[in-house]
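What follows is one structure encoded as structure tokens, with my remarks underneath.
Coordinate-derived values only; no laboratory data. Not measured: the values here are computed from a predicted model. Neighbour counts are summed over all protein chains in view; Cβ atoms, including those assigned to glycine, are modelled from backbone coordinates with ideal geometry.
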Amino acid sequence: PAQEGAGRGAGRSRGGTAGEGGSGAAPGGGAPPPLPGAGAAVGGGAAEPELVSMIVNHLKSQGLFDQFRRDCLADVDTKPAYQNLRQRVDNFVSNHLATHTWSPHLNKNQLRNNIRQQVLKSGMLESGIDRIISQVVDPKINHTFRPQVEKAVHEFLATLNHKEEAGPSTAPSEEKTDASITVQGILPFLRAVC
């Protein structure tokens, strides 16, 4: 139950599911460092939300987010933040169960749901998951995840540009979105997914 609740808490504390995005905040509370050339896009502003959505769906279909999730889960149980949270949840559950007398008529499902609600209300999952993300996900974002996302985005945009060049052109080439801007728009999803 602790791991199950932790998974759900992570989505909420980061602003939703992978499809909904997250805060994308860096460990110090600020925004992630900008990518080279990630100023204002040619033609005015950040990457178009539709383009970011298309690329996120492409990355999902390529299994990139699943790979990132597996990479993070592979070493999460070795991190002090996870071990600390697990111990806190175990103690909380043990203390809660100590107040109940077992009987054959005890409704286990109701008791399990009650404990789950109490753990969620305590706030320990949210703060614990933030520390886990800081120890597991944040170190991987710039050195592991970002290069892979950049490569996939460049490949996707090259394919998209090739399709546009093959068909009738609707926009001048200087208005095409800079790949680095697009990658910057995708990075918040990394934290939410993992």
- Query: Between Thr101 and Asn84, what is the label-to-label distance in nm when each label sits 7 Å out along the Cα-to-Cβ direction?
  - Reply: 3.9 nm
- region 39-145: chymotrypsin sites (Phe, Trp or Tyr not before Pro) in DSSP loop, at most 13 other beta carbons within 10 Å: Trp102
- Take the Cβ-Cβ distance between Asp66 and His143 as r, set R0 to 22 Å, and report the resulting FRET efficiency rounded to the nearest 0.05. 0.70
- Message: Under a crude label model (7 Å from the Cα following the beta-carbon direction), how far is Asp75 from Leu120 in nanometres?
- Response: 3.2 nm
